[in-house]
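See structure below.
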Amino acid sequence: MMKKGKCIAVLLLTAVIAMAPVNAYGIETTGEYFEISSEEAGAFLYDGTTVMAGTDGEMILTKSESGWVRRATIRTTDMNVITAEIVLNEEGLNTIRYHAKNAGKAQLIVVVPSGAAVNMGTFYVMDAREDGTIDGGWIQENDQWKYKKGDGSFVSSAWLMDKGKRYYFGEDGVMAVNQWLKGWFCWYYAGPDGAMMTNTVTPDGYELDDTGAYYDPTLSD
């Protein structure tokens with residue numbers, strides 16, 4: 001049974017930055033960068049995001065993500081596929097703005113001054129079909145929603161970011177709706193539209209913080 005409380009988000013990235021030029025693993029970072037997990041950074045992956053070539057978009061970050069991105073740079077594994085920059089939005093939060101250039105796939109990597117790097121995931125860029133759509137993105141099947149990636153597979157057992165909202169897809173690739181989802185010492189709740197609820201109270205009466213998390217001490221057992 002869950003007890004009310006707030007999720008304590010431990011952002012190891014902050015500790016890594018403070019230890020520069022040697023990271024938490026004892027690796028010197030001068031002239032190089034080392035990758036840490038998105039979980040360590042307190043970030044959500046955008047892995048599997050599929051967009052149309054020739055279009056622009058934004059990766060809307062949470063307040064915590066915006067904080068550690070402030071002095072960061074962003075790199076891409078293939079600038080012929082996608083380019084990106086970090087900009088301030090109207091709310092004063094850092095946002096990653098990207099331009100999808102040509103069909104292909106590439107990863108966007110955020111690198112902080114210490115050399116710590118967070119891989120934000122693989123982006124797929126696809127050419128438009130004659131009807132102006134692409135063979136990917138959101139697909140509805142039998143009143144359920146799935147998300148098809150540019151490699152033809154579906155997002156499964158993972159979160160997906162889309163237009164600033166977070167969605168979870170089960171092993172079968174179906175988007176979670178109206179249900180609790182277990183996180184790292186936390187629970188999250190997918191609302192009626194599938195989007196993770198934040199800074200609100202769930203239908204069964206539990207309070208979620210601004211990251212969408214609800215802390216449950218029993219998860220540490």
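Would you point out the residue of region 80-118, among those that are surrounded by fewer than 15 Cβ atoms within 10 Å (Cβ to Cβ) and touching a Lys or Arg at 6+ places or on another chain (Cβ under 8 Å), that is modelled with the lowest pLDDT?
Within region 80-118, the match that is modelled with the lowest pLDDT is Pro113.
What number of residues within region 59-84 are of a type in the set (Asp, Glu) and more than 20 Å from Met161 (Cα to Cα)? Even if it seems obvious, please write down each step before you answer.
First, the residues of region 59-84 that are of a type in the set (Asp, Glu): 65, 78.
Retained after the next criterion (residues that are more than 20 Å from Met161 (Cα to Cα)): 78.
Final tally of qualifying residues: 1.
Mind counting the residues in region 119-137 that are exposed (fewer than 14 other Cβ atoms within 10 Å of the Cβ) and at positive phi?
Initial filter on region 119-137 (exposed (fewer than 14 other Cβ atoms within 10 Å of the Cβ)): 127, 129-133, 135.
Now drop any that are not at positive phi, which leaves 132.
Residues meeting the conditions: 1.
Looking at this structure, is Ile109 under 18 Å from the mean Cα position of the chain (by Cα), closer than 20 Å to Asp56 by Cα and not basic (Lys, Arg)? Show your work before the answer.
Working: under 18 Å from the mean Cα position of the chain (by Cα): yes; closer than 20 Å to Asp56 by Cα: yes; not basic (Lys, Arg): yes.
Taking the combined requirement at face value, the residue satisfies it.
Kindly check whether there is at least one residue in region 39-46 that is hydroxyl-bearing (Ser, Thr, Tyr) and open to solvent by 30 Å² or more (accessible area, probe 1.4 Å). Even if it seems obvious, please write down each step before you answer.
Step one: filter region 39-46 for residues hydroxyl-bearing (Ser, Thr, Tyr), giving 46.
Narrowing further to those that are open to solvent by 30 Å² or more (accessible area, probe 1.4 Å): none.
No: zero hits.
For residues in region 145-193 being among the charged types (D, E, K, R) and open to solvent by 70 Å² or more (accessible area, probe 1.4 Å), which is farthest from Ile134 (Cα to Cα)? Even if it seems obvious, please write down each step before you answer.
Going residue by residue through region 145-193, those that are among the charged types (D, E, K, R) are 146, 148-149, 151, 162-163, 165-166, 171-172, 182, 193.
If we keep only those that are open to solvent by 70 Å² or more (accessible area, probe 1.4 Å) too, we end up with 151, 163, 165, 171-172, 182, 193.
Working: Asp151: 12, Lys163: 17, Lys165: 21, Glu171: 24, Asp172: 22, Lys182: 33, Asp193: 23 Å.
This residue is Lys182.
Here is a check on your reading of the model: is Asp210 out of contact with any Leu (no Cβ under 8 Å at 6 or more places or on another chain) and open to solvent by 20 Å² or more (accessible area, probe 1.4 Å)?
yes
Please work out which one of (1) open to solvent by 10 Å² or more (accessible area, probe 1.4 Å); (2) under 20 Å from the mean Cα position of the chain (by Cα); (3) modelled with pLDDT under 95 is the condition Val69 fails and give its number.
(1)
The values are calculated or read from the model by the stated rules, or taken from the named source; none is laboratory data. Being a predicted model, the structure only gives us computed values, none of them experimental. Reconstructed Cβ throughout: ideal geometry from the backbone, glycine too, with neighbour counts over all protein chains shown. SASA here: full protein model, heavy atoms, side chains in, ligands and nucleic acids out. Shrake-Rupley method; radii C 1.70, N 1.55, O 1.52, S 1.80 Å.
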